[in-house]
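Shown next, in structure tokens, is the structure this report addresses.
The values are calculated or read from the model by the stated rules, or taken from the named source; none is laboratory data. On a predicted model such as this, the values are computed, not experimentally measured, just so you know. Neighbour counts are summed over all protein chains in view; Cβ atoms, including those assigned to glycine, are modelled from backbone coordinates with ideal geometry. The area values use the complete protein model at the heavy-atom level, side chains included, leaving out ligands, DNA and RNA. Shrake-Rupley method; radii C 1.70, N 1.55, O 1.52, S 1.80 Å.
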Amino acid sequence: MKIEKSVLGLVAAISLLLTVTASFSQTQSQNSSETLREAVEALRSEHARTQLRLAALEKQQNEDAPLGPPAKTSRPTFSLSGDVRVRYETNFDMTGLRDRDRAVLRARLRSTYAISDWLAVGGQLATGDPDDPNSTDVTLSNFADDFQVSLDQAYIRITPGNFQVFLGKIPNPFVRTELLWDGDVSPQGASVSYVLPVGGAKLKGSALYFAVDEAVAGPDSHMGGAQVSFETAPGALVGEVAVGYFDYSLRSLRGGDPGDFGTNLFTAGKYNSDFNLMDIVAAATWNGLGPQWPLRAVGNYVRNFGAPAGTNTGFGVDLLAGRVGQTGDWRFVYGYAEVEADAVLAAFSHDNTALPTNYLQHALAADYTLRQNLTLNLTYYRYRQKDVGPGLGTFDWQNRIRLNLLVSF
């Protein structure tokens, strides 16, 4: 309809031009005012007929158009974020090893491309050894060699209603602490979460299939896990609790290396224990001192039902005062943890020290926000082996101090 209307308009314009040209030529040749008046009248009649045809077409087009406002067209949206952290670290009182100082850098770049309001793709580039799943740090050394950078996440995200589905190399969907899951670990597989609002509170269920190690010949290694969490409504006192169960089947270890096996008990190329982990996280936050000084306590308890007593239990407690994010903010943290040798899977637990399992650990930290998106952090770890024996180490305490400068965007 729009094309026909445009064509008629063009015809009218051409007719007007031709009529004027013909009238002018005829007027010049015959020098007759009568002829000119006749031409002008003919032009007016033709123009009136064209206007009537255009009005009829416009009316028909309006009658054919659907009721209501014009349909909105959604356009893909792109978001970009990331962070860069520079660290100075010193280690001392390390049994059998020299004291060590080093400078460390971490850089991450994240992006999401929303194709529609329920479908997106995303990814993350990160520094670090691609064979180390729980660290994105690189040491400044090796005569200024270039850093390793790898695709740390790559996923499809589907969000129909209150569901959220991730497929690929994905963000961790669970409520967690670093006792069980290091913050750098990006599982490979599929996750689904569902959030159910309960008044101002929130009930959430999450499940994960984790393809740990696929083997060409022989059995695979994988994990299936699920968690239910509940968070109370915002207020002066906010409570959170999460209960999860993670069942690992570790029959193929070809993709692993000594850094993955860590301080788990290992004999003849196999883990001594199975890993069937019950994990409980509970937290409480009190906001009675104002938004700049929330007080928060977090506890985490884990038990491995696939390991014998004496190697199967771990817990951690963190106490926090303050916040970070706004210029001039302070936050102070104290943490204590005890984890037995096979309480968690060392491949995916924390990398804050050289002991991912079988440790006692104290941690003190202070954060100061120099300005928005720029934070200075000082952290001190004092730690040692929890149990001793063949291949387990000694009771000597070790110390690690880290000074971090973090820029986020």
Residue match in the stretch 280-296 (condition: part of a strand (DSSP E or B), more than 20 Å from Ala321 (Cα to Cα) and modelled with pLDDT of 95 or more): yes
Qualifying residue in the stretch 305-313 (condition: modelled with pLDDT of 95 or more, of a type in the set (A, V, I, L, M), closer than 24 Å to Pro173 by Cβ and open to solvent by less than 60 Å² (accessible area, probe 1.4 Å)): no
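In the stretch 117-156, which residue that is assigned to a loop (DSSP other than H, G, I, E, B) and among the small types (Gly, Ala, Ser) is farthest from the chain's Cα centre (by Cα)?
Taking the stretch 117-156 and keeping what is assigned to a loop (DSSP other than H, G, I, E, B), we get 117-118, 128-137, 140-141, 145-148.
Narrowing the set further to residues that are among the small types (Gly, Ala, Ser) leaves 128, 135, 141.
Numbers: Gly128: 18, Ser135: 16, Ser141: 30 Å.
Here the residue is Ser141.
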Test set (1) open to solvent by 60 Å² or more (accessible area, probe 1.4 Å); (2) modelled with pLDDT of 95 or more; (3) at positive phi - Asn162 fails condition number: (3)
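Taking the stretch 283-334 only, how many residues are at positive phi and in contact (Cβ under 8 Å) with a residue 12 or more places away in the chain?
Of the stretch 283-334, the ones at positive phi are 290, 310, 322, 325, 328.
If we keep only those that are in contact (Cβ under 8 Å) with a residue 12 or more places away in the chain as well, we get 310, 322, 325, 328.
Counting residues in the stretch 283-334 that are at positive phi and in contact (Cβ under 8 Å) with a residue 12 or more places away in the chain gives 4.
Restricting to strands (runs of 3 or more DSSP E) lying wholly in the stretch 166-277: which have 3 or more residues that are of a type in the set (A, V, I, L, M) and open to solvent by 50 Å² or more (accessible area, probe 1.4 Å)?
On the way: elements: 188-198, 201-213, 221-231, 237-250.
Of the strands (runs of 3 or more DSSP E) lying wholly inside the stretch 166-277, those with at least 3 residues that are of a type in the set (A, V, I, L, M) and open to solvent by 50 Å² or more (accessible area, probe 1.4 Å) span 188-198, 237-250.
Considering only residues of the stretch 88-116 that are polar (S, T, N, Q) and more than 29 Å from the chain's Cα centre (by Cα), which is most open to solvent (accessible area, probe 1.4 Å)? Show your work before the answer.
The first filter runs over the stretch 88-116 and keeps only residues polar (S, T, N, Q), leaving 90-91, 95, 111-112, 116.
From what is left, the residues that are more than 29 Å from the chain's Cα centre (by Cα) are 90-91, 95.
Details: Thr90: 31, Asn91: 4, Thr95: 68 Å².
Result: Thr95.
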